[in-house]
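Notes for the one structure printed next.
None of the figures in this text is laboratory data; all of them are computed from the coordinates on show. In this text, all values refer to a predicted model and were calculated from it rather than measured experimentally. A quick note on method: Cβ atoms are made from the backbone with ideal geometry, for glycine too, and the neighbour counts reach across all protein chains shown.
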Amino acid sequence: MRMSIMLTLSLLVSATLVVPAVFADDPVPEDVMKLHRKALVFDAHCDTAMRLVGGRAIDIGIRQERGHMDLPRMREGGLDAQIFACWPNPRRERDVYVKQTLQMIDALWEQSRLHAEDFEIALEGKDIKRIVKSGKLAGIIGIEGGHAIMADLGVLRDYHRLGVRCMTLTWMNTNEWADSSDDSTKWGGLNDLGREVVREMDRLGMIIDCSHVSDSTLFDVFEVTENPVLISHSCMRAICDIPRNVSDDELRALEKNGGVICINYFPGFLDKEFNGAVTEIWQEFRASADSLAGVYEGDREKAWDELRPEYMERMEALDSPTIGALVDHIDHAVGIVGIDHVGLGSDFDGISITPVGLDDVTDLPAITSELRHRGYSKKDIEKILGGNLLRLAERVIR
Ligand SMILES: [Zn+2]
């Protein structure tokens with residue numbers, strides 16, 4: 001059904017546009033597949049670590065029915081390296097942030113022990129290429145949300161000792177030292193402690209990730225850091241004007257800094273109208289989950305189990321943007337900062353819906369296909385798929 005609508009639409013569109021989008025379900029041509037396999041594909045952000053803990057923890061060595069990623073599917077999609085974000089839920093009581101983070105770090109190490117043939121954690125920049133060359137997936141441990149350090153530089157250093165090599169300074173919450181783009185302005189960017197955190201991350205060799213931060217926080221980071229900055233999973237405000245996305249001015253500053261922006265696949269960040277629809281459904285179900293959790297003695301997970309089928313049905317009924325919309329964001333970023341500062345930041349396993357034609361990590365070659373279709377050279381595609389992020393990681397992490 002969807003396919004026939006797309007075909008009709010694209011026949012109409014192709015009469016007026018020079019480059020119609022590749023059909024979502026088209027098979028990827030062999031030469032594109034070859035290019036995709038040859039490239040080092042490196043994604044800057046996923047939430048898969050969250051699925052490795054708790055009562056329903058998965059084993060990433062086993063192909064899963066749900067979610068977007070596991071080792072067999074990563075292999076199939078040609079993914080070579082991945083930053084795994086460990087995210088402590090700031091809506092939980094503050095006391096458990098460190099424990100939650102430690103549990104996810106441990107789960108990643110355990111998975112690397114259980115699947116030593118397939119998966120290795122990189123601790124230094126030079127490890128990434130070596131691991132990939134040996135035929136394994138390279139994992140980099142990240143933390144999403146600076147609240148995880150509980151305003152303590154010692155905790156930050158401990159995380160580094162445990163192998164954490166990247167931290168997103170805020171999540172959707174403003175924390176003790178940095179403002180978020182989705183929360184109140186408390187510090188006007190970074191406060192003194194925030195500046196110390198950034199300097200300490202530089203000294204330790206940790207990637208500073210500025211997805212989720214407020215505009216002022218980002219510009220403060222550019223002033224303090226000596227390293228190229230990562231924006232691991234954000235989209236273009238020029239196309240989808242929401243605070244969570246990045247403005248052209250911010251992109252220009254990022255280029256000057258030598259950093260890399262990696263584009264998020266979430267349809268709600270790709271398209272403003274879609275964002276409105278998604279937000280409406282999300283708010284409705286969050287309210288339902290709140291009241292239903294009361295019935296289950298505060299167990300929100302149980303409440304969500306009950307609500308999820310209807311929630312997913314409503315989400316999936318929306319007319320989601322396509323891979324073409326995702327590549328529009330890549331195009332815009334490249335237009336502003338050039339080819340050397342753009343990459344991929346899927347947000348897989350952290351997003352409930354994905355663009356049409358990109359159901360999970362196995363569909364990654366479809367992005368390569370669309371890039372090739374739009375005339376990007378092989379060399380440029382290799383940079384977007386992972387070359388740029390690899391340059392940043394090799395420079396920063398140790
Ligand atoms: Zn995020």
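Any chance you could run the full-extension gain for Gln283 through Gln64? It's 0.36 nm times the residue separation minus the Cα-Cα distance, nm to one decimal. Walk me through the numbers before you get to the answer.
Numbers: separation 219, 0.36 × 219 = 78.84 nm, distance 2.85 nm.
Fully extending the segment from Gln283 to Gln64 adds 76.0 nm.
Adding -39500 (n - 2.57) for every DSSP H run of four residues or longer, then dividing by how many residues the chain holds, sets the calculated 222 nm ellipticity at -14000 deg cm²/dmol.
For the chain, relative contact order (Cα pairs under 8 Å, six or more residues apart, normalised by length) works out to 21 percent.
In a Gaussian network model over the chain where Cα atoms closer than 10 Å are linked, find which of Arg94, Arg308, Arg165 has the largest mean-square fluctuation. Comparing Arg94, Arg308, Arg165 in a Gaussian network model of the chain, the most mobile one is Arg308.
Report the antiparallel proportion of the DSSP beta bridges in the chain as a percent, rounded to a multiple of 5. Intermediate values should be presented prior to the final figure.
Details: 2 of 32 bridges.
Bridges in the chain that DSSP calls antiparallel: roughly 5 percent.
Roughly what would the spin-label model give for Asp359 and Asp249, points 7 Å off Cα along C-beta, in nm? Taking the two extended label points, one gets 4.4 nm.
The lysine pair tally for the chain, using Cα distances under 17 Å and a gap of 8 or more places or different chains, is 12.
Amide H contacts for Val356 (H built 1.01 Å from N in the peptide plane; partners 5 or more residues away or on another chain; cut-off under 5 Å): Thr322, Ile323.
Build a GNM of the chain with springs between Cα atoms under 10 Å apart, and of Ser181, Ser247, Ser377 the one that fluctuates most is Ser377.
Within the chain, helices built from complete DSSP H runs that reach 15 Å or longer along their own axis (Cα positions) and carry a mean Kyte-Doolittle hydropathy of 0.0 or higher are 2-14, 323-337.
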